[in-house]
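Beneath this line is the structure, given in C-alpha cells, with notes to follow.
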Amino acid sequence: MMFKGNYKIHIPIQGMFLNKTITLHNQNIITFLGESFFLNRAIGNELSPIQYICLGNSANIPRKKDINLGNETIRKKCVKTVDLDKKTIKLSASFQAKEIQGTKEIGVHNGEILITHDVYDDIDSFLTATTGEITIDYYIELSSGAIRNTEWAPVSGISNVYYLVEPNNVVGVFENNTKNGYARAKSIIEVEEKKATYYYNNITKNLYIHTSTNFAPTVEEIIILTGE
C-alpha cells in the first residue's frame, strides 16, 4: 500500500446575480519524509501529529525529496477527521482571501517536516469576488501503486507524449529514479506542453504522460498510483 493526497480549495463567490462556491480540486505528492512520517507514527509517537496546512508562492515543480515549501507565506492549524471506510484522513483549515493571494503552492506539515507538496495555477482572479472565508480540505488516503516500465507507446502526431491502458482509476504518477511527482493535466495537449504531467481518460482508460526529461517512460521507472 502507498499514500496519496489531494485537496479542494472552496472559494465563495458573490455578485449582483451570483452566489455560489467555486471548488478547485488538485492532487499532490507525498514526500519521502511524509511516507516515513506515516510509517513511524504507526509504531511510535516520536513525531508530532499533522497540524498545519501551509501555503507559499513558489511555482517550482514539487518533488518527493522536498523538505520545505519553496517559499512558505502562511500556515494554519487544521481540524482533522478520519473516514475508516474510505481509509482517508481529512484536514480542514480556513483562510482569508488576502492570505491566499499570490500563493501557488500548498502542503501539509506537522511542525517538523513537510508531508505533502503541490503547486497550483494562479487563483487570484477568483479572489476578487470572494466573500467570507476560503476553506481548504486536504485528503490523505491509502492507495496501491506499481512500477510500469513496459507497454508504453508514443502518441502519434504528438511530441514526447506516451500512453498505456490502465484499467484502474489513476490518482497519481511519479518517477521512481528522479523522484519527480507529476501534475495532473486536463488534456493530452496540456501534457504535450508541460513536462512532468499526466492525463487519465476515465472513458478510454488510457494514461498519457510527459516525463520530466523528455525521455521515454521505460527509462524513468514510472510508478502509477491507483485508487477510488
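Restricting to the range 204-215, and then to whatever is out of contact with any Pro (no Cβ under 8 Å at 6 or more places or on another chain) and farther than 17 Å from Asn168 by Cβ, can you tell me which residue is surrounded by the most Cβ atoms within 10 Å (Cβ to Cβ)? So, considering only residues that are out of contact with any Pro (no Cβ under 8 Å at 6 or more places or on another chain) and farther than 17 Å from Asn168 by Cβ, the one surrounded by the most Cβ atoms within 10 Å (Cβ to Cβ) is His210. Inside the range 39-63, residues that are farther than 23 Å from Tyr200 by Cβ and either under 16 Å from the mean Cα position of the chain (by Cα) or without any contact (Cβ under 8 Å) to a residue 60 or more places away in the chain (or both) make up a count of 17.
For the range 88-108, what are the residues that are assigned to a loop (DSSP other than H, G, I, E, B) and either free of Cβ contacts under 8 Å to residues at least 40 places away in the same chain or farther than 22 Å from Asp122 by Cβ (or both)? Show your work before the answer.
To start, the set of residues in the range 88-108 that are assigned to a loop (DSSP other than H, G, I, E, B) comprises 96, 101-104.
Those that are assigned to a loop (DSSP other than H, G, I, E, B) and either free of Cβ contacts under 8 Å to residues at least 40 places away in the same chain or farther than 22 Å from Asp122 by Cβ (or both): Gln96, Gln101.
Note on the range 150-174: among residues that are not hydrophobic (A, V, I, L, M, F, W, C) and not in a loop (DSSP other than H, G, I, E, B), the one that is nearest to Lys104 (Cα to Cα) is Gly172. Considering the conditions (1) more than 24 Å from Gly34 (Cα to Cα); (2) out of contact with any helix residue (DSSP H, G or I) (no Cβ under 9 Å at 6 or more places or on another chain); (3) assigned to a loop (DSSP other than H, G, I, E, B), Ser125 is excluded by exactly one of them, (3). It is to be established whether one or more residues within the range 50-73 are touching a Pro at 6+ places or on another chain (Cβ under 8 Å), within 30 Å of Glu175 (Cα to Cα) and surrounded by fewer than 16 Cβ atoms within 10 Å (Cβ to Cβ). The answer is no, given that none of the residues of the range 50-73 is touching a Pro at 6+ places or on another chain (Cβ under 8 Å), within 30 Å of Glu175 (Cα to Cα) and surrounded by fewer than 16 Cβ atoms within 10 Å (Cβ to Cβ). If I ask for residues that are at pLDDT 90 or above and under 21 Å from the mean Cα position of the chain (by Cα), which ones from the range 126-161 would you list? Of everything in the range 126-161, those that are at pLDDT 90 or above and under 21 Å from the mean Cα position of the chain (by Cα) turn out to be Ile134, Thr135, Ile136, Asp137, Tyr138, Tyr139, Val161.
Filter the range 175-195 for residues that are at pLDDT below 90 and assigned to a loop (DSSP other than H, G, I, E, B); which is nearest to Ile29 (Cα to Cα)? Per the stated criteria, the residue is Tyr182.
Only one of Ile13, Ile30 is crowded, with 19+ Cβ neighbours inside 10 Å and of a type in the set (A, V, I, L, M); which? Give the derivation first.
Numbers: Ile13 fails: crowded, with 19+ Cβ neighbours inside 10 Å.
Just one listed residue meets the conditions, Ile30.
Please determine whether any residue of the range 68-87 is over 14 Å from the mean Cα position of the chain (by Cα), more than 24 Å from Thr21 (Cβ to Cβ) and assigned to a strand (DSSP E or B).
Of all residues in the range 68-87, those over 14 Å from the mean Cα position of the chain (by Cα) come to 68, 70-87.
Checking which are more than 24 Å from Thr21 (Cβ to Cβ) leaves us with 68, 70-72, 82, 84-85, 87.
Next, from what is left, pick out any that are assigned to a strand (DSSP E or B): 72, 82.
So far as the range 68-87 goes, yes, one or more of its residues are over 14 Å from the mean Cα position of the chain (by Cα), more than 24 Å from Thr21 (Cβ to Cβ) and assigned to a strand (DSSP E or B).
The values are calculated or read from the model by the stated rules, or taken from the named source; none is laboratory data. Since this is a predicted model, take the numbers as computed values, not measurements. Note that each Cβ is placed from the backbone with ideal geometry, even for glycine, and that neighbours are counted across all protein chains shown.
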